[in-house]
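The values are calculated or read from the model by the stated rules, or taken from the named source; none is laboratory data. Only a predicted model underlies this, so the values are computations on that prediction, with no experimental measurement involved. With ideal geometry, Cβ positions are generated from the backbone for all residues, glycine too; neighbour counts draw on all protein chains shown. Remember, those area values only see protein heavy atoms, side chains included, never the ligands or the DNA or RNA. Shrake-Rupley method; radii C 1.70, N 1.55, O 1.52, S 1.80 Å.
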Amino acid sequence: ELAPRLSGRAREAQDAPYSGLLFDETGTAMLPTYSVKRGGIRYRYYASRPTLKGERSKATISRIPAAPFEAFMDSVLERLGLLSGSGELPVLHGVEIQRDSIILRLHKLAAMALWRAAEPDDTKLRDREVIKRRRELLADGEALTEDGELLVLSLPVRARFRGGRT
């Protein structure tokens, strides 16, 4: 198969805060990309590496629209007190996009530092108690578990398919 045609124009830089952190269910990196449609409207996506090479991805979901995904992630991280004011995401180790869920792997030490900074009372509590308090903020179907130096946050998300696309 042939790779997608290139226009010959230089690609524009883009804001992609989750670049390097996103992976599809097969463990393949999802990279930021965009397309420009009629009228110069630019649509940003995160797409699996094989998709960008013009190959067929083995993942159920190989491309996601960037803006709604970033808004969803920011709202979840803000609700759980994991979004730093600088807009950087030092707490995230990685994000896995699956058909029915999004799995966030968080650096436990960074998460604990953010939570304790936000709640001075938490400085006296053990990690287990701080995590228990955060579990109370979870919505139905969400789960927060410990995995060594990581915390694993599972978010149930159902992909909507429109016209054969996600």
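Using only side-chain charges placed at the Cβ, +1 for Lys and Arg and -1 for Asp and Glu, the dipole size of segment 119-161 relative to its Cα centre rounds to 200 debye.
Relative contact order of segment 9-137: 20 percent, from C-alpha pairs under 8 Å at least 6 residues apart in sequence. With a 1.4 Å probe rolled over the protein heavy atoms of all chains, the accessible area of Tyr18, Tyr43 falls in the order Tyr43, Tyr18, largest first.
Computed from the C-beta positions of Arg99 and Glu149 and an R0 of 25 Å, the FRET efficiency is 0.35 to the nearest 0.05.
For segment 57-113, a crude dipole built from +1 on the beta carbon of Lys and Arg and -1 on the beta carbon of Asp and Glu, taken about the Cα centre, is about 240 debye to the nearest 20. Restricting the trypsin sites (Lys or Arg not before Pro) of segment 105-145 to loop positions (DSSP other than H, G, I, E, B) with no more than 11 neighbouring Cβ atoms within 10 Å leaves Arg126. Any idea of Lys37's accessible area? Nearest 10 Å², probe 1.4 Å. Solvent-accessible area, nearest 10 Å²: 110 Å². The share of accessible area on segment 54-165 that comes from carbon and sulfur is 48 percent, using a 1.4 angstrom probe.
Between segment 23-79 and segment 100-129, the C-alpha centres lie 28 angstrom from each other. Per-residue SASA remark: Met112, around 10 Å² accessible (1.4 Å probe; ligands, DNA and RNA not included).
For Thr123, the solvent-accessible surface computed with a 1.4 Å probe is close to 90 Å², ligands and nucleic acids excluded.
Excluding residues fewer than 8 places away in the same chain, name every one of the lysines whose C-alpha is closer than 24 Å to that of Lys124. Cα-Cα hits under 24 Å: Lys108, Lys132.
Using only side-chain charges placed at the Cβ, +1 for Lys and Arg and -1 for Asp and Glu, the dipole size of segment 14-138 relative to its Cα centre rounds to 380 debye.
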